[in-house]
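Every read-out reported here was derived from the displayed coordinates using simple, explicitly stated rules and does not represent laboratory data. Remember, it's a predicted structure, so these values are computed and weren't measured experimentally. Because the Cβ atoms are built from the backbone with ideal geometry, glycine has one as well, and the counts that use them run over all protein chains shown.
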Amino acid sequence: MSIFFIRKERARNIEERNSGRKRFTQILPTAHCQTWDGDFRAPVSNISSSGAFIKTSQRFFIGQEIAMKITFPATMETHRVTGEIARTTPLGAGVKFKVFFK
C-alpha cells in the first residue's frame, strides 16, 4: 500500500513541476551562467516562473548557487536571475529560481 502512495505522490510532484512550463522546440534561449567554478553558456530547453532546465555537460551539486542572464531570441529580451541547482541529469541541470532582476 505504501509503494502505491509513493508512486502516486511522485506522479503528483511531476505534474506540479510541469505545469506552466514553456518548452522550446526550435530556437532555444541562451543562458549566460556564472558559478563559483566559472562562466559558461547553455541552451535553455524549458522554463517556468519558478525555474528552468539548462542543457550542459557542466557538473553541479544539488543546492549549488548559479546566476544566469537568459536571452530570448524571438524578442531579444534578457532576464537576469539567481537560483540554485535543484536536479542534475546527464543532459543538464534543473535550476530553481530565487531572485529575478530587471
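I'm checking a number: the convex hull volume of the Cα atoms of region 41-82, normalised per residue, in Å³. What is it?
Values: hull volume 3.6 nm³, N = 42.
Per residue, the Cα convex hull of region 41-82 comes to 85 Å³.
For region 24-63, the mean projected area of the C-alpha convex hull, equal to one quarter of the hull surface, is 3.3 nm². Multiplying the residue separation of Asp37 and Thr71 by 0.36 nm and subtracting their alpha-carbon distance yields 10.1 nm. Take the Cα of Ser45, step 7 Å toward its Cβ, do the same at Thr82, and the gap between the two points is 2.8 nm.
Residues whose amide H lies under 5 Å from that of Ser48, counting only those 5 or more places away or on a different chain, are Lys22; hydrogens are built 1.01 Å from N in the peptide plane. For chymotrypsin sites (Phe, Trp or Tyr not before Pro), the sites in region 24-102 that DSSP calls loop and that have at most 16 other Cβ atoms within 10 Å are Phe24, Trp36, Phe61.
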